[in-house]
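Below: the structure, in structure tokens.
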Amino acid sequence: MTLAETPNYKNSSNPFLSLNYESALESLGDDYYDEVGAEEFPQHLLRWRNDALLPRLGLDPQVVKDEDFIIAFGKFQGRKPLLALRYHGYQFGEYNRQLGDGRGFLYGQVRANDGELYDFGTKGTGRTPYSRGGDGMLTLKGGVREVLAAEALHHLGVRTSRCLSMIETGLPLWRGDEPSPTRSSVMIRMSSSHIRFGTFERLHYFQRPDLTKKLLDHVIEQYYQHLSSEEDKYVLFYAELVKRVAELVAQWMAAGFCHAVLNTDNMSITGESFDYGPYAFIPTYNPSFIAAYFDYYGRYCYGNQPSICHLNLQMLQEPLKAIIDKGEMEAALERFDEYYEAEYSSLMLKKLGFEDLPYPETVGLLNLTIEFLKESQVGYHQFFYEMARTFSSKWRDEPGFVMNSSDIVPVPGASIIFDNWCILYHKILNDFDCDCTDVIAQTLAVHNPKTVLLRPVIESIWESIAQEDNWQPFYELIQAIQSRK
């Protein structure tokens, strides 16, 4: 990673400014957004460039220079209009109409090589009409944390936005929850859409079903194109959104991820995960684990995530009922648990080494796994990594050999739950042919990387940056995440 402070640069040769931007959202009109400007920063140090995303945009990472990122995504030259979207939302159960893009904007929309439309959204670009007295900035630590979360989740198979770039901006920031002044940054998030549940909730608040329908038609046309010619496209859209969200939260749960702030303004209309603030990966299996210090009553704890996402989908019915029959939406939402269980079971089986198992064995193995993790409080991620590390064909010989070379599990007889888990795992292994053990070992290795983004890991990375301005551990961690080591 080369760090660059940009010199004078001609916009005409900047590949980001030469992309074929589309005005899909802009064409809806200014009922949905405000045109804004970007803050002028005293410094522009490129700290992160996501070269893995560039080929999707038709760009060659070898050709794109650091200063190209800075001109486009630090100085924000050559792109207009910049749009701060309007939205409301339920925050910790209370409706808040004082929302909207308060420290960022929609930079532009680009059709990628896969034919999908992607949004470039900023974070940390200064005040907008929705900043509510804040400075509209992003701390450098916040930027580091979001880059790490997005990359970790993506490589764990979670449908997520990703960070295209992060630039340190040289502004000192004052924050009550960390030592001040602290360093600042501006980040570009590449996501499937900037539209949130709260975008629709705002239109309902102002009693504008005409604007709701216009926005819904836009969402279906751009992000659910396969439904656009269907006679009942509206209810089919909602049914598919239910499925996408149910599968997304199952991906979080299997990955041991707690988003921490599942307000409706943080729910994407495309069913994609985004906006990583006080998130955390669980150290041990604890449904009551809370990632945000301000979540005093545990509303958004790890174990509540499925029910909260279900509730948010239910609340979305209120603005959508002007266009979609509420009874049909309720019927569609009834399948949430079915979708969730199917995705969660599939993902957890893969963590246990299996692509598929008969239903009774699936239920039995998953139940015993969760019961043991809850009882023992061994590291959630460490347990599965140890399975991958110690797996052997000898596990087929007798239950006592299962994980017997790992020192994180109890000795035989110390835990009835673990003993029963070993017996069942041994039985399942023997239901397969001997030549399947290599496949099981590979499945375990692929789905259980050693590198896990636990809080102490992040704090260690930040300490190197904050105290020594040493970014090498940050880059090495990302490389380990991307290579799934």
| request: Compute the length gained on full extension between Gln479 and Asp337: take 0.36 nm times their separation in residues and subtract their Cα-Cα distance, giving the result in nm to one decimal. | output: 47.6 nm
| request: Could you tally the net charge around Asn404, taking each other residue with its Cβ under 15 Å from the Cβ of Asn404, Lys/Arg +1 and Asp/Glu -1? | output: -2
| field | In Hz, Karplus ³J(HN,Hα) per residue of the stretch 304-315 (6.51, -1.76, 1.60; θ = phi - 60°; x = Gly, Pro) | value | 8, 4, x, 5, 5, 5, 4, 4, 5, 5, 5, 5
| field | Rounded to 5, the percent of DSSP beta bridges in the stretch 101-258 classed as antiparallel | value | 100
| note | In debye to the nearest 20, the charge dipole size for the stretch 235-309, taken about the Cα centre with +1 at each Lys and Arg Cβ and -1 at each Asp and Glu Cβ, equals 160
| message | Taking the 0 to 90 degree range and rounding to the nearest ten, how far is the long axis of helix 437-447 tilted relative to the main principal axis of the chain, both from C-alpha atoms? | response | 30
| note | With a 1.4 angstrom probe the carbon and sulfur portion of accessible area for the stretch 334-485, in percent, totals 51
| remark: In the stretch 144-258, taking the dipole from +1 charges on Lys and Arg beta carbons and -1 charges on Asp and Glu beta carbons about the Cα centre, the listed residue (Met187, Val158, Val245) farthest towards the positive end is Met187
| query | Using the Karplus equation 6.51 cos²θ - 1.76 cosθ + 1.60 (θ = phi - 60°), what ³J(HN,Hα) coupling, rounded to whole Hz, does each residue of the stretch 135-142 give in order, writing x for Gly and Pro? | reply | 8, x, 9, 10, 5, 4, 4, x
| query | Over the chain, what is the percentage of antiparallel beta bridges among all DSSP beta bridges, to the nearest 5? | reply | 95
| message | Using 0.36 nm times the number of residues separating Asp435 and Ile408, minus their current alpha carbon distance, what extension gain do you get? | response | 6.9 nm
| Which value, in debye to the nearest 20, gives the size of the charge dipole of the chain about its Cα centre, when Lys and Arg are +1 and Asp and Glu are -1 at the Cβ? | 1040
| Is the stretch 120-183 best put as rounded, prolate or oblate by its Cα gyration tensor, with a ≥ b ≥ c the root eigenvalues, rounded for a/c under 1.5, and otherwise prolate when a/b is larger than b/c, oblate when not? | prolate
| query | Quick one: helix 336-351 against the long Cα principal axis of the chain, what's the angle to the nearest 10°, folded into 0 to 90? | reply | 60
| Can you list the chymotrypsin sites (Phe, Trp or Tyr not before Pro) in the stretch 288-370 that are in a DSSP coil and have 15 or fewer other beta carbons within 10 angstrom? | Tyr293, Phe294, Tyr296, Tyr297
| query | Excluding ligands, DNA and RNA, what is the solvent-accessible area per residue of the chain at a probe of 1.4 Å, expressed in Å²? | reply | 42
| field | Accessible surface of the stretch 47-89 [probe 1.4 Å, protein heavy atoms]: carbon and sulfur percent | value | 44
| Formal net charge of residues neighbouring Phe289 (Cβ-Cβ distance under 15 Å; K, R +1; D, E -1) | +2
| message | Please give me the summed charge of the neighbours of Leu352: other residues whose Cβ is under 13 Å from its Cβ, Lys and Arg +1, Asp and Glu -1. | response | -2
| Angle between the chain longest axis and helix 209-223 axis [Cα atoms, degrees, rounded to 10] | 60
| Roughly speaking, to the nearest percent, how much of the stretch 106-263's 1.4 Å accessible area is carbon and sulfur? | 49
| message | How large is the accessible surface of Glu221 in square angstrom, using a 1.4 angstrom probe and rounding to the nearest 10? | response | 110
| query | Among (i) 22.5, 76; (ii) 24.9, 81; (iii) 23.6, 72, which one is Rg and Dmax of the Cα atoms in Å computed from these coordinates? | reply | (iii)
| Per-residue HN-Hα couplings for the stretch 378-393, Karplus 6.51 cos²θ - 1.76 cosθ + 1.60 at θ = phi - 60°, whole Hz, x for Gly and Pro? | 5, x, 4, 6, 5, 4, 5, 5, 5, 4, 5, 5, 9, 4, 8, 5
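The values are calculated or read from the model by the stated rules, or taken from the named source; none is laboratory data. Since we're looking at a predicted model, the values are computed, not measured. Here the Cβ is made from the backbone with ideal geometry for all residues, glycine too, and neighbour counts use every protein chain on show. The protein model used for the area step is the full one, side chains on, heavy atoms only, and it has no ligands, DNA or RNA in it. Shrake-Rupley method; radii C 1.70, N 1.55, O 1.52, S 1.80 Å.
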